[in-house]
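The values are calculated or read from the model by the stated rules, or taken from the named source; none is laboratory data. What you see is a predicted model, and the numbers here were worked out from it, not measured in a lab. Quick reminder, even Gly has a Cβ in these numbers, built from the backbone with ideal geometry, and neighbours come from all protein chains shown. SASA here: full protein model, heavy atoms, side chains in, ligands and nucleic acids out. Shrake-Rupley method; radii C 1.70, N 1.55, O 1.52, S 1.80 Å.
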Amino acid sequence: MYCPKCRDGESKVIESRDTGDSVRRRRECLKCGSRYTTYERLERPNLAVVKRDKRRELFDRDKLKHAVYQSVGKFLHGEIEVEEIVGRVEDAMYSLGELEITSKQIGDAVMAELADRNEIAYIRFASVYREFKDADEFVQTLKELRQK
């Protein structure tokens, strides 16, 4: 890890904290004395996502976070809750033990997370994910949610 101020490679760790899915470390450069923060995250194998049109692309956590936040962000309790949802979905996808997952599996996992949190967020996400064509599909999805 290079110091952002002087680019020297020697530093010492002052403090470490577990933040759930990563480790936050406060460091001090041994050359200039500047302090900075680094985050360490477990590197997982790449997951390929098979899209509806059969294209494949790498799983992108940031893309999922952006999609969830865009569709339902204002109905949740801020970015922290969105980050929690994304973390749980990501863990669920890796726990499947597969190298390829479908976009449907990701969408279903997000829907399962939203079902327990907020009805409106669930319906909004479902409308995009399931590509609703009319209001009857909204009503049907809401009925299914309330039956659970």
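So what's the back-of-envelope 222 nm ellipticity for the chain, counting only DSSP H runs of four-plus at -39500 (n - 2.57) apiece and dividing by all residues, rounded to 500?
Helices in the chain give a 222 nm mean residue ellipticity of -14000 deg cm²/dmol.
Could you sort the peptides 64-71, 77-84 by per-residue average Cβ neighbour count (10 Å cutoff), highest mean leading?
Most protected by this proxy first, the peptides run 64-71, 77-84.
Calculated FRET efficiency, Arg7 and Arg41, Cβ-Cβ r, R0 22 Å, to nearest 0.05?
Between Arg7 and Arg41 the formula returns 0.45.
I need the Kirkwood Rh of region 1-85: take the reciprocal of the average 1/r across all distinct C-alpha pairs and report it in angstrom.
About 16.0 Å for region 1-85.
Using a 1.4 Å probe over the heavy atoms of the protein chains, calculate the carbon and sulfur portion of the accessible area of region 30-125 as a whole percent.
The nonpolar share, carbon plus sulfur, comes to 50 percent.
Using the heavy atoms of the protein chains and a 1.4 angstrom probe, tell me the accessible area per residue for the chain in square angstrom.
Dividing the accessible area of the chain by its residue count gives 68 Å².
Could you tell me which of the pairs Lys5/Lys31; Lys74/Lys104; Lys104/Lys133 are separated by over 22 angstrom between their Cα atoms in the structure shown?
Lys74/Lys104
Can you tell me, using C-alpha contacts under 8 Å and at least 6 residues apart, the relative contact order of the chain as a whole percent?
Once divided by the residue count of the chain, the mean separation gives 15 percent.
Charges on Cβ only, +1 for Lys and Arg, -1 for Asp and Glu, centred on the Cα centroid of region 1-128; of Leu114, Ala48, Gly33, which one is farthest towards the dipole's positive end?
Gly33
How long is the gain from Asp108 to Phe138 if the chain were fully straight, where each residue apart is worth 0.36 nm and the alpha carbon distance is subtracted?
9.1 nm
Divide the volume of the convex hull of the Cα atoms of region 57-148 by its number of residues and quote the answer in cubic angstrom per residue.
96 Å³
Going by amide H atoms built from the backbone, whose H comes under 5 Å of the H on Ser11, apart from near neighbours?
So Ser11 has HN proximity to Leu30.
What list of ³J(HN,Hα) couplings, whole Hz, do you get for region 98-111 from phi and the Karplus terms 6.51, -1.76, 1.60, once you set θ to phi - 60° and write x for glycine and proline?
9, 8, 10, 10, 9, 5, 5, 4, 5, x, 5, 5, 5, 4
5 Å is the cut-off here: which amide hydrogens, built 1.01 Å from N in the peptide plane, fall below it relative to Ser34, excluding neighbours closer than 5 in sequence?
Long-range HN contacts for Ser34: Cys29.
For Leu47, enumerate residues with amide H under 5 Å from its amide H, sequence gap 5+ or separate chain, H modeled in the peptide plane.
Correct list: Phe59.
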